[in-house]
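Undergrad: Got a structure for you, written out below as structure tokens; questions coming shortly.
The values are calculated or read from the model by the stated rules, or taken from the named source; none is laboratory data. Everything numeric in this text was worked out from a predicted model, so none of it was measured. Virtual Cβ from ideal backbone geometry, glycine too; neighbours counted across all protein chains shown.
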Amino acid sequence: MGSEFYGLEIAKKTLQAQQLAMNISGHNIANSNTVGYTRQVPKFTQQTSTPVGLFTLPYIKNISSGVVLEEVQRIRDRYLDLQIRQESRRGAYWESMSKGLEQIELIFGEPGESGLSGVFDSFWNSWQELAANPESSAARVLVSETADRLAHAFNDTYRRLVTQQDQLNEEIAIKVAEVNNYLQQIYDINHQIARLGAGGGNINDYRDQLDVLVDKLSQILSVQIKDNDNGTYTLVLQGQILVNSETKNGLSLDVDSVTGLNRVTLGVSGEELNLTYQDGELRALFDLRDERVEEYKGYLDRLAGDLITAVNALHQTGYTLENPPKKGGAFFVGSGASDIAVNPDILVDANKIATSSTGAAGDGSIALAIAELRGERIVDSASATPDDYYRGFISRLGTQRGEVIRLASNQKFLVEELEARKESVSGVSLDEEMTNLIKYQHTYEAASFLVNTIDGMLETLISWMR
């Protein structure tokens, strides 16, 4: 290229670079409200050339030949991304735990008319009334009816806990399907990035999509994320590759032969997912299903089982109102909360309720002794009264829920702070973009003026040569 056209070449490159820069600002403005979009900025690089020739002057060696747009950069703080993913995952864990414990609270219905405490009160009071009127048919029917209501309340509460466990089991399957769906999408975008990047194309928008998917996946599952040189991600779990640009291995479900509940395994090896290093939504579902719900099923079962044992032990020492009086049989049948029931014979004939220790008319000592079980330490290896034991684990549930709510709230605040920091780094500022547009426009206009100026010079030069 002749040196007389050097200025035109510089002006041309400037026009091209500033036009591309304005396009980038326009792209930022257009996506200012797009979820997951990362602000992009042009990286300009000055170019230098060494004119060749026998009479090249020293001061024009390595002279600037203008500017080029070397790359379009995403303004992203990878350390901040890591923090947000970690804290969001913990927040998702506590939020899921809060919802699960809230469901357990709703099942017990305390405080409220639907809770067991109200039915328990009616049960103990009916025995107290029967002790005062052991030959009253109405009092006897009231005992059998309130006992039947108590048994059904135990059955229903336990059944609802089992149902919640089943629902959590299904949610685990749903989350595994979500994970596999995200892995498939990440694999597809990885493949596109690798292909487009190899041809020198701009992969920034694809990388934004990739980050959004990884953010969503990170709330469910804790995986190691490796940022590859070509812009793709490699996701690793328990030392095994889940996905990169060449391969994809999802999670699988396996039913435990003992419990009948879902287990999660790595599809590539069949190795069971190690929950020790997990702290996202999937871990919360397992903790709720296998620990929290199981814990309260155990409390309920122990209370019902010990109540059955204590009431039956006294009832079998007494005498019925039958003629002649007979030794009392089992008042309750069953072994725990799932199958506790009033003896069917008593439901048919309330005179089979044993109230007397001697069989004498008007003797309600056995009924009184059963009523007084309310204040006796008969539950949990004789360590607590029925009322205290029930109130104890309901209080424990409330305390657990309160603590989980606090932790979830703290995590939400922390994530919001981190997101605000991320927005200040990666978000689009319309004021800043408008300023950039004016800057690029003025540079573009100056380059246009340079073209006109050189054109005038060349025209003058040509006129002189005619």
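Undergrad: Could you grab me the full set of residues in the stretch 262-306 that are in a helix (DSSP H, G or I), over 16 Å from the mean Cα position of the chain (by Cα) and of a type in the set (D, E, K, R)?
TA: Let us first name the residues in the stretch 262-306 that are in a helix (DSSP H, G or I), namely 275-277, 281-306.
Okay, now just the ones that are also over 16 Å from the mean Cα position of the chain (by Cα), so 276, 290-306.
Those that are in a helix (DSSP H, G or I), over 16 Å from the mean Cα position of the chain (by Cα) and of a type in the set (D, E, K, R): Asp290, Glu291, Arg292, Glu294, Glu295, Lys297, Asp301, Arg302, Asp306.
Undergrad: Another question, then. Taking the condition of a type outside the set (Val, Ile, Thr), assigned to a helix (DSSP H, G or I), in contact with a Gly (Cβ under 6 Å, 6 or more places away or on another chain) and within 30 Å of Ile241 (Cα to Cα), does Leu168 pass? Steps first, answer last, please.
TA: Values: of a type outside the set (Val, Ile, Thr): yes; assigned to a helix (DSSP H, G or I): yes; in contact with a Gly (Cβ under 6 Å, 6 or more places away or on another chain): no; within 30 Å of Ile241 (Cα to Cα): yes.
The answer is no for Leu168.
Undergrad: Quick one: in the stretch 409-466, which of the residues that are within 20 Å of Arg85 (Cβ to Cβ) and of a type in the set (Asp, Glu) is surrounded by the most Cβ atoms within 10 Å (Cβ to Cβ)? Break it down stepwise before answering.
TA: Here is the first cut: in the stretch 409-466, the residues within 20 Å of Arg85 (Cβ to Cβ) are 409-427.
From what's left, of a type in the set (Asp, Glu): 416-417, 419, 423.
Working: Glu416: 12, Glu417: 12, Glu419: 15, Glu423: 12.
By that ranking, first place goes to Glu419.
Undergrad: Taking the conditions exactly as written (over 47 Å from the mean Cα position of the chain (by Cα), surrounded by fewer than 18 Cβ atoms within 10 Å (Cβ to Cβ) and not β-branched (Val, Ile, Thr)), does Ser114 satisfy them or not?
TA: On the way: over 47 Å from the mean Cα position of the chain (by Cα): no; surrounded by fewer than 18 Cβ atoms within 10 Å (Cβ to Cβ): yes; not β-branched (Val, Ile, Thr): yes.
Taking the combined requirement at face value, the residue does not satisfy it.
Undergrad: May I ask you to say which residue of Leu196, Leu217, Leu213 is without any contact (Cβ under 8 Å) to a residue 12 or more places away in the chain and either closer than 30 Å to Ile24 by Cα or surrounded by fewer than 19 Cβ atoms within 10 Å (Cβ to Cβ) (or both)?
TA: Sole residue among the options that is without any contact (Cβ under 8 Å) to a residue 12 or more places away in the chain and either closer than 30 Å to Ile24 by Cα or surrounded by fewer than 19 Cβ atoms within 10 Å (Cβ to Cβ) (or both): Leu196.
Undergrad: Are there any pairs with C-beta distances below 8 angstrom linking a residue in the stretch 17-41 that is under 17 Å from Tyr206 (Cβ atoms) to a residue that is among the small types (Gly, Ala, Ser) and part of a helix (DSSP H, G or I), with the two at least 6 apart or on different chains, and if so which?
TA: Close Cβ pairs satisfying both conditions: Thr38/Ser426; Arg39/Ser426.
Undergrad: Right, something else. Could you list, in sequence order, all residues of the stretch 233-261 that are in contact with a Gly (Cβ under 7 Å, 6 or more places away or on another chain), part of a strand (DSSP E or B) and surrounded by fewer than 19 Cβ atoms within 10 Å (Cβ to Cβ)? If you could, list the steps in order and put the result at the bottom.
TA: Start the filter on the stretch 233-261 by keeping residues that are in contact with a Gly (Cβ under 7 Å, 6 or more places away or on another chain), which leaves 249-252.
Pick out the ones that are also part of a strand (DSSP E or B) and you get 251-252.
The answer is Ser252, and nothing else.
Undergrad: If the requirement is being touching a Ser or Thr at 6+ places or on another chain (Cβ under 9 Å), within 30 Å of Tyr299 (Cα to Cα) and free of Cβ contacts under 8 Å to residues at least 40 places away in the same chain, which of these qualifies: Gly375, Gly392?
TA: Details: Gly392 fails: touching a Ser or Thr at 6+ places or on another chain (Cβ under 9 Å).
Matching residue, one of Gly375, Gly392: Gly375.
Undergrad: With respect to Thr56, determine if the residue is exposed (fewer than 12 other Cβ atoms within 10 Å of the Cβ) and modelled with pLDDT under 85.
TA: Values: exposed (fewer than 12 other Cβ atoms within 10 Å of the Cβ): no; modelled with pLDDT under 85: yes.
For Thr56, the condition - exposed (fewer than 12 other Cβ atoms within 10 Å of the Cβ) and modelled with pLDDT under 85 - is not met.
Undergrad: For the structure I just gave you, tell me whether Ile366 is part of a helix (DSSP H, G or I) and under 14 Å from Ala313 (Cβ atoms).
TA: Values: part of a helix (DSSP H, G or I): yes; under 14 Å from Ala313 (Cβ atoms): yes.
For Ile366, the condition - part of a helix (DSSP H, G or I) and under 14 Å from Ala313 (Cβ atoms) - is met.
Undergrad: Across the stretch 122-144, which residue is surrounded by the fewest Cβ atoms within 10 Å (Cβ to Cβ) among those that are under 18 Å from Val348 (Cα atoms) and aliphatic (A, V, I, L, M)?
TA: Checked the stretch 122-144; the qualifying residue surrounded by the fewest Cβ atoms within 10 Å (Cβ to Cβ) is Ala138.
Undergrad: Sort through Asp339, Asp380 and tell me the only one that's modelled with pLDDT under 95 and under 30 Å from Gly100 (Cβ atoms).
TA: Asp380
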